[in-house]
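The values are calculated or read from the model by the stated rules, or taken from the named source; none is laboratory data. On a predicted model such as this, the values are computed, not experimentally measured, just so you know. Quick reminder, even Gly has a Cβ in these numbers, built from the backbone with ideal geometry, and neighbours come from all protein chains shown. Remember, those area values only see protein heavy atoms, side chains included, never the ligands or the DNA or RNA. Shrake-Rupley method; radii C 1.70, N 1.55, O 1.52, S 1.80 Å.
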Amino acid sequence: MYTSLLLLLAGSGSDSALDANTTERIGPSSRVLPRCNVHVFEPVHKTSTKSRQGGSTESQYDVFSRIAPRVNSTPRSSADWILFGSDLTFRDAHRHPAIRELIELAANSTVPIVASSFFIHTRVPHLRRRSVYIFSEMETRSEQILVPFALTVGSKLDGLAPPTAWENRRTALFVGHVPQLWISTTRWRIWRQLYNRSDATVASPDVWTLGIGLECARNGTWQEHCTGLHGPVNMSCDLKPRSATRCRAVLREPGFLRDFVAAGGAVVPSKLGRDAYLRAGLDHKFCIVAAGDYPNTG
């Protein structure tokens with residue numbers, strides 16, 4: 001089943017459907033993978049794109065609508081696995097009734113079932129001892145199938161000027177969220193090495209919030225430093241680490257307290273809009289991608 005799912009995801013950028021034998025190449029050799037029969041189960045309760053979070057129908061979490069149209073449904077009696085035909089990702093009036101239908105389907109099925117639930121704040125309940133697998137941005141349980149976020153660039157690139165000549169490009173582009181150190185230190189370490197390089201573009205809307213770790217060294221240190229950067233009106237300057245465990249993660253990071261203070265105003269929030277980000281991708285030699293809060297972002 002996992003092989004067929006990977007093939008489906010790999011082909012999700014084309015118009016082909018998962019309904020034919022496929023040749024799998026492994027090094028110099030190849031073998032023919034058998035046809036995979038997939039039944040798309042259509043529940044009574046189906047979530048609507050109109051209710052999706054933020055009103056967006058092109059969310060990075062919208063994996064289901066990229067996969068489902070490319071699956072040719074076969075009769076349930078001959079299916080190797082079942083795709084549950086309602087996205088469980090976004091908040092919707094039909095979401096919980098659809099989950100109940102999924103639970104009932106699982107109780108009466110002898111083949112694996114795959115559903116899509118791709119947002120951490122609306123996690124599908126754990127279905128114990130049932131063969132239900134979930135397309136997810138996380139892999140905290142054995143039944144979760146880690147898949148990338150859904151991104152659409154499309155014609156956006158067509159409206160931009162041609163790429164900068166290679167020899168004239170800046171070296172590295174690194175932008176985006178930098179998680180707290182108790183979640184991951186990877187992006188902080190990259191940011192720290194690049195922020196003051198003249199041949200790199202670095203932007204983050206929230207690297208400054210890592211400064212709450214200064215409180216782990218001495219009470220009041222973060223508020224003093226934060227107020228100096230943002231002024232006394234910023235309520236986030238009152239934030240503190242919420243546990244000793246998190247402080248230990250901060251203090252284990254080599255040189256963090258020194259390096260964060262030394263960065264000064266470089267930690268002030270900065271962000272590239274979508275068009276500016278696409279443009280920057282054409283003006284740099286390398287775009288650095290690193291795992292963040294979610295393991296599928298690397």
Restricting attention to region 44-61, does a residue exist that is open to solvent by 20 Å² or more (accessible area, probe 1.4 Å), at pLDDT 75 or above and under 15 Å from Tyr133 (Cα atoms)?
no
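Restricting attention to region 70-88, which residues are open to solvent by 50 Å² or more (accessible area, probe 1.4 Å), outside any strand (DSSP E or B), in contact (Cβ under 8 Å) with a residue 24 or more places away in the chain and not charged (D, E, K, R)? Let's see the steps before the verdict.
Initially, region 70-88 is screened for residues open to solvent by 50 Å² or more (accessible area, probe 1.4 Å), giving 70, 72-73, 75-78, 80.
Still in the running and outside any strand (DSSP E or B): 70, 72, 75-78, 80.
Still in the running and in contact (Cβ under 8 Å) with a residue 24 or more places away in the chain: 70, 72, 75-76, 78, 80.
Selection gives Asn72, Pro75, Ser78.
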Test set (1) assigned to a strand (DSSP E or B); (2) at pLDDT 80 or above; (3) farther than 20 Å from Tyr133 by Cα - Arg31 fails condition number
(2)
If a residue counts only when it is open to solvent by 40 Å² or more (accessible area, probe 1.4 Å) and modelled with pLDDT of 90 or more, which helices (runs of 4 or more DSSP H) contained entirely in region 184-298 have at least 1 such residues?
186-194, 244-252, 256-263, 274-282
From (1) open to solvent by 70 Å² or more (accessible area, probe 1.4 Å); (2) touching a residue at least 12 places away in the same chain (Cβ under 8 Å); (3) closer than 30 Å to Asp275 by Cα; (4) more than 26 Å from the chain's Cα centre (by Cα), pick out the condition that doesn't hold for Thr164.
(1)
